[in-house]
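Structure, as structure tokens:
The values are calculated or read from the model by the stated rules, or taken from the named source; none is laboratory data. A quick note: this is a predicted structure, and the numbers were derived from the prediction, not measured. Cβ: placed from backbone, ideal geometry, glycine included. Neighbour counts: every protein chain shown. With ligands, DNA and RNA removed, areas are computed over all heavy atoms of the protein, side chains included. Shrake-Rupley method; radii C 1.70, N 1.55, O 1.52, S 1.80 Å.
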Amino acid sequence: MKFAVTLGSAAVAAFAFAIATPAVASAQQSSDCHGSYSPCLPIVSDVDCEGGSGNGPVYTGKVKVIGPDDYGLDRDGDGYGCE
């Protein structure tokens, strides 16, 4: 009986870890990355395209825009910025 209780406790702990881990990872990603761009762009005052006339402070190459284009990188509205 003791073995069954121990096994049950381990299963509950593993299940709780599996549920909690993605939420922690998502919270970390959202605090470090702007959710509208792939690959990840940092959350800063402004991001501009490399080689353009913008003043930064951060520059990027081509990105996929998957949400609101807060940095104004997708000028033609096709879902890709800095192309």
Answer in debye to the nearest 20: the dipole magnitude of the range 30-82 about its Cα centre, from +1 Lys/Arg and -1 Asp/Glu charges placed on Cβ, is 100
Ignoring ligands and nucleic acids, Tyr80 exposes an accessible area, probe 1.4 Å, in Å² to the nearest 10, of 80
Among beta bridges assigned by DSSP with both residues in the range 30-82, the antiparallel ones amount in percent, to the nearest 5, to 60
For the range 30-82, the accessible surface attributable to carbon and sulfur atoms (probe 1.4 angstrom, ligands and nucleic acids excluded) amounts in percent to 48
Cβ-Cβ cut-off under 11 Å around Asp74, Lys and Arg +1, Asp and Glu -1: the net charge is -2
